[in-house]
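*Asks:* Below you'll find the structure I mean.
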Amino acid sequence: MKRIALFCLLLISCPVLAQNYDEAKVPHYTLPDVLKTTSGKKIRNDEKWEKSRRPEVLRLFEDHIYGKMPTDYDSIRYALTEDDRPVMDGKAVLKQVGVTVFKKKNSVQINVVLFVPTQVKKPVPVFLLINNRGKENTDPTRVKKSEFWPAEMVIDSGFAIAAFHVSDLAPDNKDTYMTGVLQKLYPEQLKMDNGMKAIGAWAWGASRVMDYFETDKDIDAKKVIVVGHSRGGKTSLWAAAQDRRFAACVTNCSGNTGAALARRQFGERISRINTTFPHWFNNNYKKYNDKENALPVDQHMLIALVAPRPVYATNASKDLWADPRGTFLALKAAEPVYALYGIKPELPKDPPGIDKPIIGPHFGYHNREGEHNMTAYDWGNFIRFAKKF
Ligand code: GTR
């Protein structure tokens, strides 16, 4: 008896132990119907989806999870700090761009590293990484090279590759996240229960980099693929969901409140993410701690907001925390919205095996053998996917 009591106490005090990794223990759940409006109307075509249901779903995500993203600012300036410097044995040109956004005498600067291939006709499509890891991963000097952002490989395949670091927008820290774009440009957001926090601020940054791409004649701004890993992957999905200028989205190992279904309660759960990272999502989201079924949305609806644009989601076999099966099922459950645009289902009923990628044209998915990470294997598949559309 004593032992049972001790175990229960441990479960309560140590949330890691309370995570479920057993498929047999996934509770029965019903996903909210992405094609039914809050007033109960069934959506039957893309026009109705775009006019009524899509804006409604977007608002639900803003209000309950990611926060409403402000779009107003006074001006934006682009300063090229390096140009036309041939690198990578002449295969690319390095551009470093300071994107500065001004509002009421305050400003925020986003530093973009961009490599453009020299041997390809311009304008070129580009992969934009939202970098949530160390800045050395996107080293402009190429002294340090990382699979996380394999610039040489992407250049060799004919695409441009760009990145910015999340800390330019909001430090990834619960005590200081507000010191970037939030305090400087949008302090009112900090007082709103549906105001954006760090992930909203990072996604806002991706849109400002998109503003820059629209002015760069080397870049085909209609072919920008926004990429993120893990917390960056939650951000890339949110960025693509609301900014329809992004042509496609890669959400790598994004897990809870990324591409994985919340209602499965498998691996990381809302209560856990809100406790460890209270600075990522808005205040309203805390109401759903241990109450996944009360959410008016689930993550398949976030993927649906990207429709009809392509989405590639990934997992890693040892990263059960991010719920590989729940990620695949979320993609699958977004298909009915793609169908409104005449896109036939591309995904099987069940997830493919490990290292068996499904590649496009509209959906990409793979579960890589290994750990929580983004690797050359992952990028190889993103490139194959991008070549399909
Ligand atoms: C984890 C977090 C995940 C994921 C990951 C990461 O600690 O629980 O949701 O975001 O960090 O960003 O690497």
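*Asks:* Could you please rank T81, T138, placing first whichever residue has the fewest other Cβ atoms within 10 Å of its Cβ?
*Replies:* Sorted ascending by nearby Cβ count, the order is T81, T138.
*Asks:* Where in the stretch 348-379 does the label zone of E147 land, with the point 7 angstrom along Cα→C-beta and an amide N cut-off under 12 Å?
*Replies:* Counting only backbone N, you get 368-379.
*Asks:* About the Cα centre of the stretch 31-388, what is the dipole size in debye to 20, counting +1 per Lys and Arg Cβ and -1 per Asp and Glu Cβ, all else neutral?
*Replies:* 780 debye
*Asks:* If one takes the longest principal axis of the Cα atoms in the chain, at what angle in degrees, from 0 to 90 and to the nearest 10, does the Cα axis of helix 2-13 lie?
*Replies:* Roughly 30 degrees, rounded to the nearest 10.
*Asks:* A follow-up question, please. So if we plug the beta-carbon distance of Q109 and S317 into 1/(1 + (r/R0)^6) with R0 = 35 Å, what FRET efficiency do we get, rounded to 0.05?
*Replies:* Working from the Cβ atoms, E equals 0.35.
*Asks:* May I pose another question? So who's got an amide H within less than 5 Å of the one on A259, skipping anything under 5 residues away but keeping other chains? H placed 1.01 Å off N, in plane.
*Replies:* Here S254 satisfy the definition.
*Asks:* A further question follows. Compute the acute angle (0 to 90°) between the alpha-carbon long axis of helix 198-213 and the principal axis of greatest extent of the alpha-carbon atoms of the chain; round to the nearest 10°.
*Replies:* Tilt relative to the chain: about 30 degrees.
*Asks:* May I pose another question? List, in order, the whole-Hz ³J(HN,Hα) value for each residue of the stretch 338-353 obtained from phi through the Karplus relation with A = 6.51, B = -1.76, C = 1.60 and θ = phi - 60°; use x for Gly and Pro.
*Replies:* Karplus-based 3J(HN,Hα) across the stretch 338-353 equals 4, 4, 4, 9, x, 8, 6, x, 10, 9, x, 5, 10, x, x, x Hz.
*Asks:* Can you list the residues, at least 5 places off or on another chain, whose amide H is less than 5 Å from the amide H of I219, using H built in the peptide plane?
*Replies:* Placed amide hydrogens put V124 under 5 Å from I219.
*Asks:* Something else now. Picking from A294, A203, F164, whose Cα lies most toward the positive end of the charge dipole for the chain (charges on Cβ: Lys, Arg +1; Asp, Glu -1)?
*Replies:* A294
*Asks:* Given a cut-off of under 8 Å on Cα pairs at least six residues apart, what relative contact order in percent is computed for the chain?
*Replies:* That works out to 16 percent.
*Asks:* Determine the calculated [θ] at 222 nm for the chain from helices alone, applying -39500 (n - 2.57) to every DSSP H run no shorter than 4 residues and normalising by the residue count; nearest 500 deg cm²/dmol.
*Replies:* -7500 deg cm²/dmol
*Asks:* If neighbour count is taken as other Cβ atoms inside 10 Å, put S167, S75 in order from fewest to most.
*Replies:* Going from sparsest to densest Cβ surroundings: S75, S167.
*Asks:* Three principal axis extents, largest first, for the C-alpha atoms of the chain, in Å?
*Replies:* Each principal axis gives a Cα extent; for the chain these are 71, 48, 47 Å.
*Asks:* Between 0 and 90 degrees, rounded to the nearest ten: what's the tilt of helix 231-242 against the longest Cα principal axis of the chain?
*Replies:* Here the helix axis deviates by roughly 80 degrees.
*Asks:* By counting other Cβ atoms within 10 Å of each Cβ, how are M192, M69 ranked from fewest to most?
*Replies:* Listing M192, M69 from fewest to most nearby Cβ atoms yields M192, M69.
*Asks:* Among L261, L305, L185, determine the one that fluctuates most according to a GNM of the chain built with springs between C-alpha atoms less than 10 Å apart.
*Replies:* L185
*Asks:* Let me ask you something else. Of all DSSP beta bridges in the chain, what percent run antiparallel (nearest 5)?
*Replies:* 50 percent
*Asks:* Long-range amide H contacts for V93: which residues qualify at under 5 Å (H placed 1.01 Å from N, peptide plane, sequence gap of 5 or more or a different chain)?
*Replies:* For V93, the qualifying residues are V87, V116, T118.
*Asks:* Within the stretch 60-77, name every residue whose backbone N is under 15 Å away from a label modeled 7 Å from Cα of E188 along the Cβ vector.
*Replies:* Only 68-74 fall inside the zone, counting backbone N under 15 Å.
Bear in mind these aren't lab numbers, they're just calculated from the coordinates by the rules spelled out. These numbers were taken from a predicted model, which means no experiment stands behind them. We place every Cβ from the backbone using ideal geometry, glycine too, and count neighbours over all the protein chains shown.
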